[in-house]
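Computed from the coordinates by the stated procedures, all read-outs in this text should not be read as laboratory data. Here the structure is a predicted model, which means the values were calculated and not measured. Here the Cβ positions follow ideal geometry from the backbone for every residue, glycine too, while neighbour counts run over all protein chains shown.
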Amino acid sequence: MKLIMAIIHDEDAFHVMDALNEQGFSVTKQASTGGFLRTGNTTLICGVEDDKVSVVMDIIEKKCKARKQITSVNTSRVNSSDTYIPYPVEIIVGGATIFVLDIAQMKKV
Ligand code: 2BA
């Protein structure tokens, strides 16, 4: 059995969960925060049999879009003052960052 953890955009979360539920997969949604942008994203957790991993991965891939986002980066100090000049950079976020982990045991009691 495997644990799939997928970090995705908030706006894609309900589309992915709907599609997973329709196919009979259980999924848990956790609010998370990206360490780089420091903005909210969603982490989905889904425990599945080994032979279903590709089905879940396909659903996530189909439902999650990559997005261009502008963020600001600080330049180094200007002259000897403590002034930093922020400048915008464009980055591509997502579609999804997916981790597949081995599960030692799963039990529902
Ligand atoms: P964030 O850390 O907020 O990163 C958002 C986007 O910023 C990343 O998109 C990437 O395009 C860019 N980025 C991240 N770190 C960077 C850096 N050091 N320098 C330049 N650009 C950087 P994605 O790669 O699609 O990642 C989306 C979110 O997935 C991340 O949000 C983070 O929450 C998670 N993530 C991605 N890779 C991860 C990893 N190896 N381990 C844990 N979480 C990860």
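The HN-Hα couplings worked out from phi for segment 82-94 by the Karplus form 6.51 cos²θ - 1.76 cosθ + 1.60 (θ = phi - 60°) are 8, 8, 10, 9, x, 9, x, 10, 9, 10, 9, 10, x Hz, whole numbers, x standing for Gly and Pro.
If we count trypsin sites (Lys or Arg not before Pro) as exposed when they sit in a DSSP loop and have at most 16 other beta carbons within 10 Å, what is the longest stretch of the chain that avoids them all? My reading of the result: 1-37 is the longest stretch.
Let me make sure I get this right: for the chain, a, b and c are the square roots of the gyration tensor eigenvalues over alpha carbons, sorted descending. Under 1.5 in a/c it's rounded, otherwise prolate if a/b > b/c, else oblate. Which is it? Verdict is prolate for the chain.
Could you tell me the calculated FRET efficiency between Asp82 and Gln30, based on Cβ-Cβ distance and R0 = 41 angstrom, to the nearest 0.05? Numbers along the way, then the final one.
Working: r = 38 Å, r/R0 = 0.93.
E between Asp82 and Gln30, to the nearest 0.05, is 0.60.
Take the alpha-carbon centre of segment 1-34, take the same for segment 50-74, and report the distance between them in whole Å. A separation of 10 Å, based on Cα centres.
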